[in-house]
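Note sheet for the following structure.
The values are calculated or read from the model by the stated rules, or taken from the named source; none is laboratory data. None of the values given here were measured: they were computed from a predicted structure. Cβ placement follows ideal geometry from the backbone for every residue including glycine, while neighbour counts extend to all protein chains displayed. Calculation scope for accessible area: heavy atoms of the full protein, side chains included, ligands and nucleic acids excluded. Shrake-Rupley method; radii C 1.70, N 1.55, O 1.52, S 1.80 Å.
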Amino acid sequence: MLERKVLPILNNGVKDLAHIIEPLKDAMKEIQWISRNLRPSALDDFGLGAAIRSMSEDFTSRTHIGIQPQGFPSYRLAPELELALFRIVQESLNNIEKHSMATNVIIECKEEANSLILTVTDNGVGINMERLSTHTKSAGVGLATMKERAELVGGTMSLSSIQGRETQIVIRT
C-alpha cells in the first residue's frame with residue numbers, strides 16, 4: 001500500500017529535479033576548482049615554479065591570455081614564501097583578467113644579490129596611476145592584499161604602469 005503512494009511521488013520528483021542536474025554539476029566543478037586553487041597540491045608537492053606553471057596553463061585555457069612563466073628556481077623556498085608568492089601571482093592574474101584587456105603575461109622569478117624578485121608584466125591597457133593614488137578607496141583590495149602578503153614575508157611590492165601599454169608588479173624578498 002505504501003509502495004503505491006510513494007513510487008508515483010518519487011517518479012514525479014525525479015522528473016521535477018531533472019532541470020537542476022546540470023546546474024548542480026556546474027556548481028560541483030566550480031567547488032572543485034576553488035578548492036584546488038585554495039591550496040594547490042603542485043605547490044606542496046613540487047614547489048612554486050610547478051604551481052605557477054600549472055596555474056598559468058589553467059588561466060590560459062580559461063581566458064585565452066598567454067602566459068610565459070620563466071626563471072623559477074628548481075629548489076624549494078620556505079613554504080610561507082612560496083604560498084605568499086603564489087597568492088600574489090594568483091591575484092595579479094585575477095586583476096589582469098578583470099581589468100587589463102591583455103593578451104600576454106610574463107611571470108618571471110630571478111635571484112639578485114641575495115634577493116628573490118618576482119615580476120608579473122602584462123601587455124594590457126595599463127593603470128591610471130594618478131587616479132589610483134587619488135582614489136585610495138577604489139584602488140582595489142587586490143593590490144593592497146598583494147602588498148600585505150609581500151610585507152608578511154619580509155618583502156616589498158612596487159607597481160608601475162604605462163597607460164595603454166603595460167602594467168608591472170615587482171615583488172622583492
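Every test in (1) more than 24 Å from Thr173 (Cα to Cα); (2) under 14 Å from the mean Cα position of the chain (by Cα) is passed by Ser54 save one, and that test is (1). Exactly one residue among Arg62, Arg131 is charged (D, E, K, R), more than 26 Å from Ser41 (Cβ to Cβ) and in a helix (DSSP H, G or I), and that residue is Arg131. Within the stretch 22-38, residues that are part of a helix (DSSP H, G or I) sit with their Cβ atoms under 9 Å from residues that are at pLDDT 65 or above and not β-branched (Val, Ile, Thr), at 6+ positions apart or across chains, in these pairs: Trp33/Asp58; Arg36/Asp58; Asn37/Met55; Asn37/Asp58; Asn37/Gln90. Look at the stretch 150-173: where a residue is exposed (fewer than 13 other Cβ atoms within 10 Å of the Cβ) and a partner is among the basic types (Lys, Arg), sitting 6+ places away or on another chain with Cβ atoms under 9 Å, you get Thr156/Lys147; Thr156/Arg172; Ser158/Arg172. Inside the stretch 42-69, can you point out the residues that are touching a residue at least 24 places away in the same chain (Cβ under 8 Å) and small (Gly, Ala, Ser)? Across the stretch 42-69, the qualifying residues are Gly47, Gly49, Ala51, Ser56, Gly66.
Which one of Lys147, Lys110 is free of Cβ contacts under 8 Å to residues at least 40 places away in the same chain, open to solvent by 30 Å² or more (accessible area, probe 1.4 Å) and under 13 Å from Val89 (Cα atoms)? From the options Lys147, Lys110, the qualifying one is Lys147.
If you go through the stretch 56-67 and keep only what is open to solvent by less than 80 Å² (accessible area, probe 1.4 Å) and more than 11 Å from Glu97 (Cα to Cα), you end up with Ser56, Asp58, Gly66, Ile67. Counting residues in the stretch 90-97 that are within 19 Å of Glu57 (Cα to Cα) and free of Cβ contacts under 8 Å to residues at least 24 places away in the same chain gives zero. Apart from one condition, Leu93 fits all of (1) at pLDDT 90 or above; (2) open to solvent by less than 90 Å² (accessible area, probe 1.4 Å); (3) among the aliphatic types (A, V, I, L, M); (4) more than 21 Å from Ile171 (Cα to Cα); the exception is (4).
Within the stretch 104-123, being polar (S, T, N, Q) and over 16 Å from the mean Cα position of the chain (by Cα) holds for Asn114, Ser115, Asn123. Consider Asn37 carefully, then state whether it is modelled with pLDDT under 80 and open to solvent by less than 60 Å² (accessible area, probe 1.4 Å). So Asn37 fits the description; yes.
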